[in-house]
Every structure is written in C-alpha cells, then in structure tokens.
Amino acid sequence: MIIRRNRQQQPGVVRTIIRRSRPAVGQSRPRTIVRRSAPIIGVGVLPSPREHRRRLPWPSRRFFLLAAAGGLALGLVAGAAWLYRAPYFRVSTVEVVGAERMSPATVVTATNALGESMFTADLAAIQRSVYALPLVSSVRVERDWPAAIRIVLEERRPWGTWEQAGVAYIIDREGVVLGVGRAPEGAPVIRSSEPGSRIVGDRVDYQAVDAAAEIAERLPRELGTTVAEVAFIKGKGVQVTTADGQVALFGDSSSIAYKLAVWAALAAEARQRQIPYTTIDLRYGNRPVLQ
C-alpha cells in the first residue's frame, strides 16, 4: 500500500514503501474476484448474439390499432344485437291516418307489423299489404320512433254508379267497386247488360268507365248537349244516350276524341241538309252510319 501525505518531508527522514500482508487498521478487506452463475439483482446481462436473434419483436403500433378496431367492431355488433332484441324498439303501435270508410283495425291487421323490430320492419312490404285493400287508393308508411309505425292512406273516392242485374254499385274513376248504392247526384251512371253480381274490390269493364268519363267531359263542348245515360252492352260496347234523345254507339274506349269529332261534323251536316236521325254508329272509325 502506498501512503501519500501532504506534509513537508522532515530533514534526515527517508520515505519507504511498506507492504503489509494484513490490512491496516480501518481499511477494508482487499478486493477479490467473485464469479457468479446468476446475475445480480438490478444488473442486466447482455445476451449473446444468438440469443439476441431469437428474441421476439415488440408488437408494433399497427398491431395495437388493429386490436383496438377489432374490439370496437365486436362492441358494435354486441350493441346492435342488444338493440335488435330490446323491447323498447319493438313496434307496439300502428297509427292509421286518412281512414274514413275503412276500419283502422282492418288496416292494422293487414300490416302484420306489431311486434316487429323498428330497425328491420319492411316498410315496402307493409305498403304493398295496405295497398292491396280494395278501398285504398294510395298509401305512405313511416317509422315513428321509438316504437310506432304511421300509415297515411287515401281512400278511393266515389266517381259514378255501375248498374248490373238490377243492383247499383258505387265505383271510383278506375272502375273499382266501393260498395252498394249510388254515387252523388250528377255523377255518371253506367248500365251494364252483364249478368251476375259484384263485390267490394271488383273491377268493372275499364273501357266502359274510360269512355263514359271522356264522353261526359267532351260532349258538351263538341255537340252542345250532355250525357243522359251510358250503357255497356255485351257485343256492342259503349252506348251513349244524350239529353236530347240521340243514341251513339262507340264500341270500345279507343279514339273517343276522334269519334266525337266525326259525330259533330255529321250532326252539323245533317242539320244543314235536314236529315233526321236518332242513332249514329261510330264503331267503324271513318265509316259512321246514321239511322
């Protein structure tokens, strides 16, 4: 051990190096080399190059993002399943707006929507079911959250009367039978020679209805008279009787405007030439026949 002191060297004193086999008083034991097979706590051990290559890499940021997205997707699926089964979002009310002649209960039964999930209720199917009812002219279906379906419909309106086998039926402009009875005063009346009876929802001959509607509208302008009666005769088609007693055979409902124009021209010529007639047959287009 080498001891250095800062005091001045005394004259006549020679410094010497002292080696001791035992530690001096107050000195710790000499350092020794210690070999350990396990690492000291708190001190890491550098891995060998081979061990370093075998170590698994730390998960990347992308891995955590994908894991978070997967967890979110599972949560959304679970939430959607809960909402689908939740009774709070089940159809408990079907509101019917616009039903006057129909019973709202009939409309509700036709929808078959009570108890359905508000999220998956098929509004298009409900609309088709309600529209199939004979008295419905148009329908609109809406969701009214959280647990109601609103149906806004328009009923068919009486347009005329269809008389068949001695019974009068109310029909709309499309020829759909709305019930037994007569349409309002002044509405067209079509008398049919067909046998049998009609029920609500039946459709009468559409050509007779179309012809009656167009003739009733154009006849006052073309000939200055009105329709007294429209008849649908099997084998002859539409026959019109005017207020002044003239009868016109139209056949089907095609080219009504042209047939009326021909009738007006012939009527003017007949008056000029003083040719009396009671019946005109317009079924053959440009070859009318006066009787």
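Overview of values
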item	result
Leading residue by the ranking (nearest to residue 208 (Cα to Cα)) among those in region 254-291 that are among the hydroxyl-bearing types (Ser, Thr, Tyr) and in contact with a strand residue (DSSP E or B) (Cβ under 7 Å, 6 or more places away or on another chain)	279
Strands (runs of 3 or more DSSP E) (entirely within region 201-255) containing at least 3 residues that are within 22 Å of residue 157 (Cα to Cα) and open to solvent by less than 50 Å² (accessible area, probe 1.4 Å)	227-233
Yes/no for residue 275 being open to solvent by less than 40 Å² (accessible area, probe 1.4 Å) and aliphatic (A, V, I, L, M)	no
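Conditions (1) open to solvent by less than 10 Å² (accessible area, probe 1.4 Å); (2) of a type in the set (D, E, K, R); (3) not in a strand (DSSP E or B), marked per residue:
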{"site": "137", "(1), (2), (3)": "no, no, no"}
{"site": "141", "(1), (2), (3)": "no, no, no"}
{"site": "149", "(1), (2), (3)": "yes, no, no"}
{"site": "154", "(1), (2), (3)": "no, yes, no"}
{"site": "157", "(1), (2), (3)": "no, yes, yes"}
{"site": "161", "(1), (2), (3)": "yes, no, no"}
{"site": "168", "(1), (2), (3)": "no, no, no"}
{"site": "174", "(1), (2), (3)": "no, yes, yes"}
{"site": "177", "(1), (2), (3)": "yes, no, no"}
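The values are calculated or read from the model by the stated rules, or taken from the named source; none is laboratory data. Note that the coordinates shown come from a computational prediction; the quantities given were computed from them, not determined experimentally. Here the Cβ is made from the backbone with ideal geometry for all residues, glycine too, and neighbour counts use every protein chain on show. The protein model used for the area step is the full one, side chains on, heavy atoms only, and it has no ligands, DNA or RNA in it. Shrake-Rupley method; radii C 1.70, N 1.55, O 1.52, S 1.80 Å.
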